[in-house]
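Take a look at the structure below.
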Amino acid sequence: MSFVPSSILVTGGAGFIGSNFIHSFMAGNPDCTVINLDCLTYAGNLKNLVGVEQSLRYRFVKGDIGDAALVAGLLENERVDAVVHFAAESHVDRSITGPEIFVRTNVLGTQILLEESRKHWQSGRVSDFRYLQISTDEVYGSLGETGFFTEETPLTANSPYSASKAGADLLVRAYHETFGMPTLNTRCSNNYGPYHFPEKLIPLLIHNIINRKPLPVYGDGLNVRDWLHVRDHGAAVETVLKKAVPGSVYNIGGNNEWRNIDIVNLVCDLLDERLQRAAGENRTLITFVKDRLGHDRRYAIDASKLKQDLGWSPAYTFEQGIAETIDWYLANQEWVTEVTSGSYREYYQQQYGGGAR
Ligand code: NAD
Ligand code: DAU
């Protein structure tokens, strides 16, 4: 049995993963309306949505998930039957220097979205309803040399970012257990791909290599992350939304573990070729720097439940995905310049008037 949404509220759809999701979801679901609620923090960029924003099935609303009246009005007026909640503060380093906004957005904002969703679902305005919480493997904490996170792994978040995401996940669970609300929860590994803000490792490396700037590697560079193409993440989310039994939790990942230093070397070498630099030239930019506080050592996702229950598996090989991603950044250097200078905010003013925060 499949759930077929007709009007979906996507939060954080101007960010990296949300915008990629909207592109593919709109292309694959021609009868569904998409409402994108995003308050446009530094990470939100409407230029990520060029190509869908003229569609009559798409609406952008600049606003905060913590604005209960706004959320309630959207759910009712747009007859929303699915909420897919991407909006968050997402960068671990920022959560170490300024945790408060992480709690406000990721915990309190989620609670407000849940509460308004509960009222809307219980009003009976729509015949069926789903609330899907986008979460992260970081809620499980850190692994040693072996083993994988499963959906049964206890939540042992270590950074203020991951603690705020774990708090949100527990609220989602509570709304299902307490009210019987049809919630879903996905926990994905590290994403890479187009529209990735260049504070995160892979786009930062590409940007710095192009500009011959140092490549900061935290600590000994031996921390391990499990990388998945952002479009594979989106496809998995869509699968869970349509096929999963309410109340369930699914890990999302592609069995693709890399030590940071190996990713750095790989990106250096692929860009040596593309920028016609001597073999090994980009590696000379590598600079080991002070480690991130509380730096989780290893993440590795066991996504077999998703594969077995719902038949999802990734479409991209890492070889293909990383090559395409590098090529996308080379072809879209203007996008990177705009997001690093902040000038992309002017685009919002031209399109919608007013100011982005
Ligand atoms: P991002 O930082 O690129 O985008 C976040 C978006 O949320 C931005 O457009 C921002 O403007 C918006 N936003 C922030 N606060 C808001 C608020 N109060 N109201 C409305 N909009 C708000 O993040 P991302 O990397 O695309 O991550 C999206 C989601 O996926 C997050 O929930 C994150 O925890 C989760 N996740 C990310 C990864 C990853 O590798 N990036 C992996 C697993 C899970
Ligand atoms: O695992 C999923 C998570 O992946 C998401 O929940 C987060 O939202 C997302 O930001 C990401 O978190 P990470 O902390 O793993 O990603 P980041 O790109 O910041 O760092 C990846 C690894 O690279 C990590 O071990 C830290 C290291 N690093 C990062 C940066 C920015 C460096 O060595 N140098 C850097 O300059």
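Listing for the model above:
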read-out: Selection status of Phe102, within 16 Å of ligand 2 (Cβ to nearest atom), touching an Asp or Glu at 6+ places or on another chain (Cβ under 7 Å) and of a type in the set (Phe, Trp, Tyr); value: yes
read-out: Segment 61-88, subset among the hydrophobic types (A, V, I, L, M, F, W, C) and part of a helix (DSSP H, G or I), residue surrounded by the most Cβ atoms within 10 Å (Cβ to Cβ); value: Val71
read-out: Which listed residue, of Thr186, Thr150, Thr136, is modelled with pLDDT of 95 or more and open to solvent by 20 Å² or more (accessible area, probe 1.4 Å); value: Thr150
read-out: Any hit, segment 49-58, residues being of a type in the set (Val, Ile, Thr), under 30 Å from Gly294 (Cβ atoms) and open to solvent by 20 Å² or more (accessible area, probe 1.4 Å); value: no
read-out: Of the criteria (1) outside any loop (DSSP other than H, G, I, E, B); (2) of a type in the set (Ser, Thr, Tyr); (3) open to solvent by 30 Å² or more (accessible area, probe 1.4 Å), which one Thr105 fails; value: (3)
read-out: Set Asn251, Asn265, Asn255: member being crowded, with 16+ Cβ neighbours inside 10 Å and either assigned to a helix (DSSP H, G or I) or modelled with pLDDT under 95 (or both); value: Asn265
read-out: Set Ala82, Ala27: member being small (Gly, Ala, Ser), out of contact with any Ser or Thr (no Cβ under 9 Å at 6 or more places or on another chain), farther than 18 Å from Arg345 by Cβ and at pLDDT 95 or above; value: Ala27
read-out: Residues being touching a Ser or Thr at 6+ places or on another chain (Cβ under 9 Å), charged (D, E, K, R) and away from ligand 1 (no atom under 12 Å from the Cβ) - total across segment 162-187; value: 1
read-out: Neighbours by Cβ (under 6 Å, 6+ apart or cross-chain): first from segment 55-71, farther than 14 Å from Ser7 by Cβ; second part of a strand (DSSP E or B) and not small (Gly, Ala, Ser); value: Phe60/Asn36; Gly63/Leu37; Ile65/Thr11
read-out: Residue within segment 300-317 that is exposed (fewer than 14 other Cβ atoms within 10 Å of the Cβ), of a type in the set (A, V, I, L, M, F, W, C) and farther than 30 Å from Thr150 by Cα present; value: no
read-out: Qualifying positions in segment 193-219 - open to solvent by less than 20 Å² (accessible area, probe 1.4 Å), assigned to a helix (DSSP H, G or I) and within 16 Å of ligand 1 (Cβ to nearest atom); value: Ile202, Pro203, Leu205, Ile206
read-out: Selection from segment 89-102 of residues that are touching a Ser or Thr at 6+ places or on another chain (Cβ under 8 Å), open to solvent by 20 Å² or more (accessible area, probe 1.4 Å) and not in a helix (DSSP H, G or I); value: Pro99
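The values are calculated or read from the model by the stated rules, or taken from the named source; none is laboratory data. Remember, predicted model here, so these are calculated numbers, not experimental data. Glycine gets a Cβ as well: all are built from the backbone with ideal geometry, and neighbour counts include every protein chain shown. SASA here: full protein model, heavy atoms, side chains in, ligands and nucleic acids out. Shrake-Rupley method; radii C 1.70, N 1.55, O 1.52, S 1.80 Å.
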